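The values are calculated or read from the model by the stated rules, or taken from the named source; none is laboratory data. Please read all numbers here as calculations on a predicted model, not as lab measurements. Positions of Cβ are backbone-derived with ideal geometry, glycine not excepted, and every protein chain shown enters the neighbour counts. Accessible surface is based on the protein model in full, side chains and every heavy atom, while ligands, DNA and RNA are left aside. Shrake-Rupley method; radii C 1.70, N 1.55, O 1.52, S 1.80 Å.
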Amino acid sequence: MNDMTQYVFLIPLLPLIGFLINGLFRNYLTKSISGWVGTGFMLCSFVLSVMLFQHVNQPGFQPEVIFYFDFIRAGGLYIPFSFLVDQLSVLFLLIITGIGTLIHLYSTAYMHEEAKDHFARYFAYLNLFVFSMLLLVLGANYVIMFIGWEGVGLCSYLLIGFWFGNPEYNKAAKKAFVMNRIGDLGFLLAIFWMITQFDSVRYLDVFSKAPAAPVAVLTGITLLLFVGAMGKSAQIPLYTWLPDAMAGPTPVSALIHAATMVTAGIYMIARSNILYSLAPVTENTVAVIGLATALLAATIALKQNDIKKVLAYSTVSQLGLMFLALGVGAYTAGVFHVMTHAFFKALLFLAAGSVIHAMHHEQDITKMGGLRKKLPLTHLSFLIGCLAIAGIPPFSGFFSKDEILAAAHDRSPILYGLSIVASLMTAFYMFRLYFLTFSGAFRGTEKQHSHLHESPAAMTIPLMLLAALSIAGGWIGIPEVFAHDAHWLASFLEPVVPIFKPHHQAISHQMELMLMGGIVVLIIGMIFWAYRLFAKSDVSFSEPDGISKWMADKWYVDEIYDAIIVKPLNAISSWLSKIMEARWIDGAVNGVGKFVLFGGRQIRLLQSGQVGSYILVMVISILAFLLYQLFWKP
Amino acid sequence: MHITEILFWLLSALAIFSALMVVFSNNPVHSVLWLIMVFFAISGHYILMNAQFLAIVNMIVYAGAIMVLFLFVIMLMNMNKESEPQKSKWLRFAAVISGGSLMLIFVAALKGNSGFVNSMRGEGSIGLIRNLGKVLFTDYVVPFEISSVLFLSAMVGAVVLGKKERKPLQY
Amino acid sequence: MNMPIIPVNYYIFLSAALFAIGVVGVLTRRNAIIIFMCIELMLNSVNVLLVAFSKMHHVAAFALDRTTAVGTEAQLFVFFIMVVAAAEVTVGLAIIVMLYRNIHSVDINFLNRLKH
């Protein structure tokens, strides 16, 4: 299908059309039509992506740049609007359109309580988001990526604040947007620097000129790009928006904050891997920050009592692991984990949404329990998701996480040890969540108990599909240890993303198997510990104190930010608005008017009507004129 | 000192003193009389400079006609000593100052360039009527005729202005 | 014969003095008629000046050529100034009489309609 590349533009265009239809006609369309429009366009995009994937998967495929029009042509700066079709972008296309379609389908049931114009508005925003995300991954230069980057930030704001009647949700949306913006500043600076250094922002140009550039410049550019990734993918210090973003509807959390937007940072760094491999300082920074984030978020997740918050912190933690992978040079592992994480995290969020739906919008797990009998399908999917994220073979999470651990082991034992700690904590808090929600006795009210029911088909079908993917998704990346040359994903991505090169001598297969087995045993041990603690009928919840309190209160990071950044900014802006603006600037402007009036009144006094004073003025003017003429004029 | 110089100083002092009295008398009639004195002094200067025609015309026109006219109007309005309010003190002060400054400026502008010592001897005959008349009726005859038109319009204007307003006729 | 020499500067100063006194009069007095008279005073000071200059030029040219008629224009100009002054007095006094008829006073402070 050689002409498949001619239709690439349709892939982002269809969701854009869906956005326009749902957005412009939201007052007139019925709910089922809006739902069909939104989901239908997504499905078409997905089908086109599959066809494109088949086109790319042929042997001997070269990356293709499809040019559409000149975007910016100013002086020496030339930025074309073109798409780059290669293995990495087509992989992300599949993830985005596939999971996107499932989430659209799920949303038609989840959001059915909304009024019809809000319902249509929701789907419009979702479609716009998918459009921006597709633009991001399809762009052939950093500026197109940036357009998509900004677009997903905007849609994130719109969707987090979807129920805009609640001021708390609006604050969360603003927080997300502002933190994204801080990251975007880094991204923009990187783009400017790139233009200065390389005279171009196109991937092909930059990557071919990069080896010749000085290391300091490359380090600077890559660090700035990473700042952008920090904002979008919620790493320290720009991660606090993600847990607050749970204010949005659960499918939004699933799509944006689990599967797609937050992975934009990973995509950017994976795409720029040539730049990063030339700047080892940045790579180390990325690895360290990723690991730190993974650990910090895991500790916070241990003590949270809101389903979505636990999942949010878990997302932050897993993103940290992905950045760790990128930082040690295992780009393929990072992308692999993106894929598997998309599957099981979306699954977990959608299952959580199903639980919330059944519990009538109750999100506190201290009030749940024993839901296993009432919500069987949900329960099964959630369990599969937990197993996947914990890293139990043969679920998908195991393969991707193990690849990351192996790369970390090769780089440094400290990294390896700490990432194992993070994985163990992951298993623990996820299963704490699982047991508290589904096992034991029901702790909620009687009214809630009577309402419990399984979700409709539109919600359970995506759950089941995602569960299947969570089970089988890892099998495209089977490592060397198990079967020779079976890592299909690595060989697929190889033209774009280099395979990880171990620094030290590869450890023997036996050693590797032993390490893997050991870790799995430890994880199963954590699961049992969680079972002991939380699966009983009489779980008690005490007020946390000491370190637990610190963890439950998110290590007070939000409070620190508030004191250091938010309050001074608010103080400055209120000073500016009350004093600068009201008194000085307005005063100056009004003062000009007042001065003119005042001057006019004074000058009017000259017009006394008294002839005598007129003559006096005449004489004085003549005097002045004579003085000037006779004595001063040069 | 030659008699001419004495006469010059005398006449100048008379002129300036009379001018000051014009400005500072309270009674308007006195002001008129002092002004006539000024005109006499100035005519004296004209004679000193041998501008005889102008001296005579000055006397006849100014002192004779114009001042009499002024006197008529003042008598008409029955203005005597002090029905006249004064301007405010500050304004008078400012007036004197500006007038004085004006004079100073003239003096300063026109003082002591040594090329100005042209004498004012009483010689030459340009002031005589015959010579003046010759130039007036040959070179400047047009302005002369136009001045008669000017007089006509002034007379008409004066008459029109002076008429009493008549009530419009009732039909 | 030793003819006396009066520098023309003296006449200039005389004229300036008379003019300044006229200005002071105009500014100081409130009676319209007195103001008018001071204007006449100013005109006369200018006349003096003109005649002095005419004499000056004539004397300078006379030294070279005894039949010259150089300064004549200035004296004719003085003549015309007098003509105009006469006409002006006529009309001006007519205005003042009309003013008196309307407001029964010649105080210029009552002439403040220009204020509006």
From the option list A:89, A:82, A:107, single residue qualifying as farther than 18 Å from residue A:263 by Cα, touching a strand residue (DSSP E or B) at 6+ places or on another chain (Cβ under 9 Å), open to solvent by less than 20 Å² (accessible area, probe 1.4 Å) and of a type outside the set (Lys, Arg) is A:82
Flagged in the stretch A:376-391 as open to solvent by 20 Å² or more (accessible area, probe 1.4 Å) and either within 23 Å of the chain's Cα centre (by Cα) or among the β-branched types (Val, Ile, Thr) (or both), in numbering order, are A:384
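Here are B:97, B:60: which of them is more than 7 Å from chain C (Cβ to nearest Cβ) and over 13 Å from the mean Cα position of the chain (by Cα)?
On the way: B:60 fails: over 13 Å from the mean Cα position of the chain (by Cα).
Residue meeting the stated conditions: B:97.
Just give me the residues in the stretch B:134-163 being assigned to a helix (DSSP H, G or I) and among the basic types (Lys, Arg), in sequence order. Give the derivation first.
Start the filter on the stretch B:134-163 by keeping residues that are assigned to a helix (DSSP H, G or I), which leaves B:134-138, B:141-162.
B:134, the sole residue that qualifies.
Are any of the residues in the stretch A:401-422 part of a loop (DSSP other than H, G, I, E, B), open to solvent by less than 50 Å² (accessible area, probe 1.4 Å) and closer than 24 Å to residue A:325 by Cα? Break it down into steps so the answer makes sense when it comes.
Narrowing the stretch A:401-422 to residues part of a loop (DSSP other than H, G, I, E, B): A:412.
Now drop any that are not open to solvent by less than 50 Å² (accessible area, probe 1.4 Å), which leaves A:412.
Now restrict to residues that are closer than 24 Å to residue A:325 by Cα: A:412.
Yes, the conditions are met somewhere in the stretch A:401-422.
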Among (1) assigned to a helix (DSSP H, G or I); (2) open to solvent by 10 Å² or more (accessible area, probe 1.4 Å), residue A:163 falls short only on (1)
Counted residues in the stretch C:28-53 being more than 8 Å from chain B (Cβ to nearest Cβ) and open to solvent by less than 10 Å² (accessible area, probe 1.4 Å) come to 1
Within the stretch A:22-36, how many residues are of a type in the set (Val, Ile, Thr) and either free of Cβ contacts under 8 Å to residues at least 40 places away in the same chain or closer than 27 Å to residue A:141 by Cβ (or both)?
1
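If I filter the stretch C:98-106 for residues that are within 13 Å of chain A (Cβ to nearest Cβ), open to solvent by 20 Å² or more (accessible area, probe 1.4 Å) and over 24 Å from residue B:147 (Cβ atoms), do I get at least one hit? Walk me through how you get there before you give the answer.
Step one: of the stretch C:98-106, the residues within 13 Å of chain A (Cβ to nearest Cβ) are C:99, C:106.
Now drop any that are not open to solvent by 20 Å² or more (accessible area, probe 1.4 Å), which leaves C:99.
So of that shortlist, the ones also over 24 Å from residue B:147 (Cβ atoms) come out as C:99.
Among the residues of the stretch C:98-106, at least one is within 13 Å of chain A (Cβ to nearest Cβ), open to solvent by 20 Å² or more (accessible area, probe 1.4 Å) and over 24 Å from residue B:147 (Cβ atoms), which makes the answer yes.
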When you scan the stretch A:260-375 for helices (runs of 4 or more DSSP H) that lie fully inside it, which ones turn up with 3 or more residues that are at negative phi and more than 20 Å from the chain's Cα centre (by Cα)?
A:273-277, A:280-301, A:331-358
Can you work out which of the residues in the stretch B:36-56 that are surrounded by fewer than 19 Cβ atoms within 10 Å (Cβ to Cβ) and among the β-branched types (Val, Ile, Thr) is farthest from residue C:7 (Cα to Cα)?
B:56
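Residue by residue through the stretch A:493-502, note down the ones that are assigned to a loop (DSSP other than H, G, I, E, B) and either modelled with pLDDT of 85 or more or surrounded by 12 or more Cβ atoms within 10 Å (Cβ to Cβ) (or both). Steps first, please.
Filtering the stretch A:493-502 for residues assigned to a loop (DSSP other than H, G, I, E, B) gives A:494-502.
Across the stretch A:493-502, the qualifying residues are A:494, A:495, A:496, A:497, A:498, A:499, A:500, A:502.
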Among residues belonging to the stretch A:193-227 that are over 20 Å from residue A:264 (Cα atoms) and among the aromatic types (Phe, Trp, Tyr), point out the one that is surrounded by the fewest Cβ atoms within 10 Å (Cβ to Cβ).
A:193
Candidate set: the stretch C:55-75, residues that are under 17 Å from residue B:42 (Cα atoms) and facing chain B (nearest Cβ under 7 Å); chosen: the one surrounded by the most Cβ atoms within 10 Å (Cβ to Cβ)
C:55
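Select from the stretch A:37-60 the residues that are surrounded by fewer than 16 Cβ atoms within 10 Å (Cβ to Cβ) and either in contact (Cβ under 8 Å) with a residue 12 or more places away in the chain or under 26 Å from the mean Cα position of the chain (by Cα) (or both) and list them in ascending order.
Correct list: A:40, A:47, A:50, A:51, A:54, A:57.
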Residue C:109, sole failed condition from (1) within 14 Å of chain A (Cβ to nearest Cβ); (2) open to solvent by 10 Å² or more (accessible area, probe 1.4 Å); (3) without any contact (Cβ under 8 Å) to a residue 60 or more places away in the chain; (4) not aromatic (Phe, Trp, Tyr)
(3)
Select, from C:40, C:73, the only residue that is within 19 Å of the chain's Cα centre (by Cα), modelled with pLDDT under 90 and not hydroxyl-bearing (Ser, Thr, Tyr).
C:73
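Do the conditions hold for residue A:523, that is, is it at pLDDT 80 or above and at negative phi? I'd like the intermediate steps shown before the answer.
Details: at pLDDT 80 or above: yes; at negative phi: yes.
When the stated conditions are applied, residue A:523 passes them.
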Can you find, within the stretch B:9-28, the residue that is nearest to residue C:30 (Cα to Cα) among those that are touching a helix residue (DSSP H, G or I) at 6+ places or on another chain (Cβ under 6 Å) and more than 7 Å from chain C (Cβ to nearest Cβ)?
B:25
Checking A:266, A:289, A:274, A:236 in turn, the sole residue that is at pLDDT 90 or above and either closer than 20 Å to residue A:190 by Cβ or not aromatic (Phe, Trp, Tyr) (or both) turns out to be A:289
So, of the residues in the stretch A:201-259 that are among the aliphatic types (A, V, I, L, M) and assigned to a loop (DSSP other than H, G, I, E, B), which turns out to be nearest to the chain's Cα centre (by Cα)?
A:234
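Residue under question is residue B:6, and the condition is that it be more than 7 Å from chain C (Cβ to nearest Cβ), open to solvent by 50 Å² or more (accessible area, probe 1.4 Å) and either in a helix (DSSP H, G or I) or not basic (Lys, Arg) (or both); does it hold?
Working: more than 7 Å from chain C (Cβ to nearest Cβ): yes; open to solvent by 50 Å² or more (accessible area, probe 1.4 Å): yes; either in a helix (DSSP H, G or I) or not basic (Lys, Arg) (or both): yes.
Yes, satisfied.
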